[in-house]
Amino acid sequence: MGEPLRFPEAFLWGTATASYQVEGAVSEDGRGASIWDTFTHTPGKVFHGDDGDVACDHYHRYAGDIDIMGDLGLNAYRFSVAWPRVQPEGRGAANEAGLDFYRRLVGKLHERGIEPVATLYHWDLPQALQDEGGWANRATVDRFVEYAELVAGALGGQVGMWITLNEPWVSAFVGHESGQHAPGVTDTATAVSAAHHLLLAHGRAVRALRSSLPVSSQVGVTLNLSPVHAATPTEEDAEAAERVNAYLNGWFLGPTLRGKYPELLYDRLAEMAGGDFGRPGDLEEIHAEIDFLGVNYYTVRNVASSKSGAATGRAGAALREELAATPAGRRPLPAYLEAVDVPLSGVERTTKGWAVQPDGLRELLVWLRDEYGKRPVYVTENGAAFADYVDPSGRVKDPERVEFLRNHFIMAHRAISEGVDLRGYFVWSLLDNFEWADGYSQRFGLVYVDYKSQERIPKSSAAFLSDVARSNAVCANAG
Ligand code: IFM
């Protein structure tokens, strides 16, 4: 079986969720509408017309859900705060009833010895702000800072770790360029401006949080990142990989960690945005010092120049056709990148269509350290969707997820031995939940949710994570 691989002392082992994906209770205690309420109730936007009205009913069942985490021996929980619960119209005084929910949640987490990690924005922008232009409107930056201050004022002493934004790349580009997420805009110029305002909101919120939170508080941001590989060693594919890397990774890493957009793509995107999209001084504000970087990792990207043989070859075409049938395959790279995804062949895939690539996590963490400097890092999301079901004995066995997690934990451990300052790992997700445009069709949870009865059934992967968390170690092989 081999020696267990031990993680550093005080390592955080937890799960992550997001407000709209789990809470439900969309009209309770004064919550206002979010862009996701509007989007899900617009016909044709979400698989099967699903919505988050009830979701996992976590709003009412949070205490039981926290007991599940406590019983598993997890020591951290990453949740997000729904902005429209706190400010139903996106501005003005706090709705105390909305804040009370998070006060109760955080109180219960402390009762069970679980460290709360709060994300301020996981995509549920108040609809009232969208009506004024949303993230494409610079004024939304001010609204976000005011909101961040309200939440910090209410939970400050009780929450030690704060994440400004979750995956701003997705908010900006999937929400405003491909339009598969709320608000469903399909315009690159709007996406670039939304990206810039999200970045500015992050930078300003970091400063605002630091002035309202206790000095011991840790403030960071969570980015979705992937190593980008060239499908072949040709120069044209290598250049395509660099462009895609600048788009998927560099566009948010550059401004936050270096105070600069990636040069490679700047002119192209600025031109598409119709000129400069920021103001002098913005990049300095965006480049606010953070205490940690949150990394969401799911898979690698394998790309080729749209003109290269790898992109036009028969094998690639057949695989692309197969992938096009999956939710992941329906999101091609924008044409201006002159690059296409070339699906890896002969690899295991999750039901999202994502290739299972554990070494990509190690590669990513080491690359981040080498390219952007050493700093505390947390894996704020990693996980997989599989076709889980309740078997006749009433159990949900998910050996694929157990192996997925084991192999990723091993790679995280390897990254630590290569010098990465990794401090914690949050599995996506605690519960099966509302997977955005894919509705309830994708099960990412460690805990199975019967959406009709709201019964929770911990899967075998929950027991696996429990062993890892309690021992703070992972064994290289199934024991
Ligand atoms: O469900 C999402 C989450 O909201 C953000 N990161 C990726 C997850 C899986 O797609």
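The values are calculated or read from the model by the stated rules, or taken from the named source; none is laboratory data. As the structure is a prediction and not an experimental result, all values here were calculated from the model. FYI the Cβ positions are ideal-geometry reconstructions off the backbone, even for glycines, and counts take in every protein chain you see. Heavy atoms of the whole protein, side chains included, go into the accessibility calculation; ligands, DNA and RNA do not. Shrake-Rupley method; radii C 1.70, N 1.55, O 1.52, S 1.80 Å.
Take the stretch 41-55 and flag every residue that is open to solvent by 30 Å² or more (accessible area, probe 1.4 Å) and part of a loop (DSSP other than H, G, I, E, B). Reasoning before the result, please.
Within the stretch 41-55, the subset open to solvent by 30 Å² or more (accessible area, probe 1.4 Å) is 41-45, 47-51, 53-54.
Selection gives HIS41, THR42, PRO43, GLY44, LYS45, ASP50, ASP51, ASP53, VAL54.
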(request) Could you run through the stretch 1-40 and say how many residues are assigned to a loop (DSSP other than H, G, I, E, B), more than 14 Å from the ligand (Cβ to nearest atom) and either under 20 Å from the mean Cα position of the chain (by Cα) or over 24 Å from GLU455 (Cα atoms) (or both)? (result) 13
(request) Find all pairs meeting these conditions: Cβ atoms under 7 angstrom apart; at least six residues apart or on different chains; first residue within the stretch 11-23 and more than 17 Å from ASN296 (Cα to Cα); second residue open to solvent by 10 Å² or more (accessible area, probe 1.4 Å) and within 10 Å of the ligand (Cβ to nearest atom). (result) TYR20/TRP123
(request) From (1) among the small types (Gly, Ala, Ser); (2) farther than 25 Å from ARG423 by Cα; (3) buried (at least 21 other Cβ atoms within 10 Å of the Cβ), pick out the condition that doesn't hold for GLY220. (result) (2)
(request) Can you work out which of the residues in the stretch 421-448 that are over 22 Å from TRP354 (Cα atoms) and open to solvent by less than 10 Å² (accessible area, probe 1.4 Å) is nearest to the ligand (Cβ to nearest atom)? (result) GLY424
(message) For a quick check of your reading of the model, give me the residue pairs whose first member lies in the stretch 383-411 and is under 15 Å from ILE457 (Cα atoms), whose second is surrounded by fewer than 17 Cβ atoms within 10 Å (Cβ to Cβ) and of a type in the set (Phe, Trp, Tyr), with beta-carbon atoms closer than 8 Å and at least 6 apart or on different chains.
(response) VAL396/TYR389
(request) State all residues of the stretch 182-191 that are crowded, with 24+ Cβ neighbours inside 10 Å and in a helix (DSSP H, G or I); if no residue qualifies, say none. (result) ALA191
(request) List every residue pair whose Cβ atoms lie under 7 Å apart, where the two residues are 6 or more positions apart in sequence or sit on different chains, the first residue falls within the stretch 418-443 and is closer than 24 Å to PRO376 by Cα, and the second residue, located anywhere, is more than 15 Å from the ligand (Cβ to nearest atom) and charged (D, E, K, R). (result) GLY419/ARG369; VAL420/ARG369; ASP421/LYS374; ASP421/ARG375; LEU430/ASP65
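Have a look at VAL244, VAL340 and point out the one that is out of contact with any Pro (no Cβ under 8 Å at 6 or more places or on another chain) and buried (at least 20 other Cβ atoms within 10 Å of the Cβ). Show your work before the answer.
On the way: VAL340 fails: out of contact with any Pro (no Cβ under 8 Å at 6 or more places or on another chain).
Checking each option against the conditions leaves just VAL244.
Let's see how each residue does on (1) over 18 Å from ASP421 (Cβ atoms); (2) not small (Gly, Ala, Ser):
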residue: GLY313; (1), (2): yes, no
residue: ARG330; (1), (2): yes, yes
residue: LEU333; (1), (2): yes, yes
residue: SER345; (1), (2): yes, no
residue: TRP354; (1), (2): yes, yes
residue: ARG375; (1), (2): no, yes
(request) Give me a count of the residues in the stretch 145-156 that are surrounded by fewer than 19 Cβ atoms within 10 Å (Cβ to Cβ) and within 17 Å of PHE79 (Cβ to Cβ). (result) 1
(request) Could you please find all residues in the stretch 192-210 being over 15 Å from GLU284 (Cβ atoms) and either open to solvent by 30 Å² or more (accessible area, probe 1.4 Å) or not hydrophobic (A, V, I, L, M, F, W, C) (or both)? (result) SER193, HIS197, ARG210
(request) For the stretch 360-418, name all the residues that are surrounded by fewer than 17 Cβ atoms within 10 Å (Cβ to Cβ) and within 16 Å of the ligand (Cβ to nearest atom). (result) ALA387
(request) Output the number of residues of the stretch 107-139 satisfying the condition of being surrounded by fewer than 22 Cβ atoms within 10 Å (Cβ to Cβ), touching a helix residue (DSSP H, G or I) at 6+ places or on another chain (Cβ under 6 Å) and not in a loop (DSSP other than H, G, I, E, B). (result) 1
(request) Determine whether the stretch 56-78 contains at least one residue that is of a type outside the set (S, T, N, Q), closer than 21 Å to GLN127 by Cα, open to solvent by less than 50 Å² (accessible area, probe 1.4 Å) and outside any helix (DSSP H, G or I). (result) no
(message) For the stretch 18-36, give me the residue count where each residue is touching a helix residue (DSSP H, G or I) at 6+ places or on another chain (Cβ under 7 Å) and open to solvent by less than 20 Å² (accessible area, probe 1.4 Å).
(response) 9
(message) Return the pair list, or none, for Cβ contacts closer than 7 Å from residues in the stretch 218-237 that are part of a loop (DSSP other than H, G, I, E, B) to residues that are within 16 Å of the ligand (Cβ to nearest atom) and open to solvent by 10 Å² or more (accessible area, probe 1.4 Å), at least 6 apart or on different chains.
(response) SER226/LEU248; SER226/THR299; SER226/VAL300; SER226/ARG301; PRO227/VAL300
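Can you tell me how many residues within the stretch 278-300 are within 16 Å of the ligand (Cβ to nearest atom) and either open to solvent by 10 Å² or more (accessible area, probe 1.4 Å) or in contact with a Cys (Cβ under 8 Å, 6 or more places away or on another chain) (or both)? Full working, then the answer.
Taking the stretch 278-300 as the starting set, the residues that turn out to be within 16 Å of the ligand (Cβ to nearest atom) are 293-300.
Next, only the ones that are either open to solvent by 10 Å² or more (accessible area, probe 1.4 Å) or in contact with a Cys (Cβ under 8 Å, 6 or more places away or on another chain) (or both) stay: 298-300.
Going through the stretch 278-300 one residue at a time, the tally reaches 3.
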(request) Kindly indicate the residue of the stretch 167-181 that is within 14 Å of the ligand (Cβ to nearest atom) and part of a loop (DSSP other than H, G, I, E, B) and also most open to solvent (accessible area, probe 1.4 Å) among those meeting that condition. (result) GLN180
(request) Just need a number here: residues in the stretch 259-277 that are under 26 Å from the mean Cα position of the chain (by Cα), open to solvent by 30 Å² or more (accessible area, probe 1.4 Å) and not aliphatic (A, V, I, L, M). (result) 3
(request) Only helices (runs of 4 or more DSSP H) wholly contained in the stretch 280-392 count here; list those with 3 or more residues that are more than 30 Å from PHE144 (Cβ to Cβ). (result) 309-312, 314-324, 358-372
